[in-house]
Amino acid sequence: MEYGVRSIGLDFVNAYLLNAGNGFVLIDTGLPFQWEALDGELQKAGCVPGNLKLVVITHADQDHTGNVLLLREKYKVKIAMHPADAAQAERGIMLKRKVQPLLYRLLFTVRMLVRILLGNKVSAPKFTPDILLSDGQSIEEYGLDAKIIHLPGHTPGSIGILTGKGDLFAGDTFVNRKKPSSANIIENEAALMYSLDRIRNMNVKMVYPGHGKPFAMEKDVRDCSMLEKNGAGRLGG
């Protein structure tokens with residue numbers, strides 16, 4: 001099945017709209033205050049209530065789940081994610097994680113302070129997913145030749161969506177702000193290393209990260225760990 005990819009940049013985070021047969025699949029949703037921008041991009045692409053088949057959440061952080069309730073209400077669409085992040089979504093909490101390197105620790109601290117100051121404007125929505133996804137699960141029934149890859153490390157339930165032609169929608173398992181890197185915010189480093197090892201052995205050609213630009217999974221990227229050993233500190237995440 002052929003499909004097109006529309007990258008939706010929502011400030012510092014990406015959502016991706018994929019053509020899926022006679023409809024669309026949306027990957028991630030941005031922060032709550034980005035609803036108008038997200039909704040406008042969907043409509044420009046021809047995605048309207050009735051043809052949005054599924055919303056896939058790569059992990060339960062608020063910058064990826066921020067508009068699930070509005071999407072569910074307006075588009076009558078089901079929200080899918082991995083069960084290991086379901087409790088985080090249902091409680092609307094931020095996990096305790098390691099942040100590396102120092103620059104990301106500072107940015108993350110600022111993000112937490114902004115959340116406190118702005119209150120509900122950037123608070124994570126509390127929701128129960130409609131569909132719980134499992135590792136290796138096909139989503140072909142929604143018109144997309146793709147499967148779910150469980151990639152714990154950034155969060156316990158982080159997933160990627162791997163298409164038949166080798167595109168990996170990776171959530172925050174990878175970022176690419178200046179250069180490709182594995183997650184800078186880590187819940188479980190051993191799990192992240194395991195996930196990266198899995199990816200190296202998959203037929204991944206392009207990576208679409210949750211933050212930054214897509215990049216080709218070339219040999220020099222595939223063969224390095226992309227983990228920066230900079231003495232990560234522990235912060236809320």
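Here are some notes:
- Proximal aspartates and glutamates relative to residue 44, as straight alpha-carbon distance under 14 Å, when same-chain residues fewer than 8 apart are discounted: 36
- Cβ-derived FRET efficiency at R0 22 Å, residue 87 paired with residue 33, nearest 0.05: 0.35
- Distance (nanometres) between label positions extended 7 Å along Cα→Cβ at residue 22 and residue 193: 5.0
- Residue-count net charge about residue 81 - beta-carbon cut-off 12 Å; Lys, Arg +1, Asp, Glu -1: -4
- For the range 187-198, 3J(HN,Hα) per residue [Karplus equation, 6.51 cos²θ - 1.76 cosθ + 1.60, θ = phi - 60°, Hz, x = Gly/Pro]: 7, 8, 5, 4, 5, 5, 4, 4, 5, 5, 4, 4
- Label-to-label distance, nm, for residues given as residue 138 and residue 206 (7 Å Cα→Cβ offset): 2.3
- Exceeding the 19 Å Cα-Cα cut-off - candidates 53/74; 78/126; 147/178; 78/147: 147/178
Values in this text are rule-based calculations from the coordinates and carry no lab data. Quick caveat: nothing in here was measured; it's all calculated off a predicted structure. Reconstructed Cβ throughout: ideal geometry from the backbone, glycine too, with neighbour counts over all protein chains shown.
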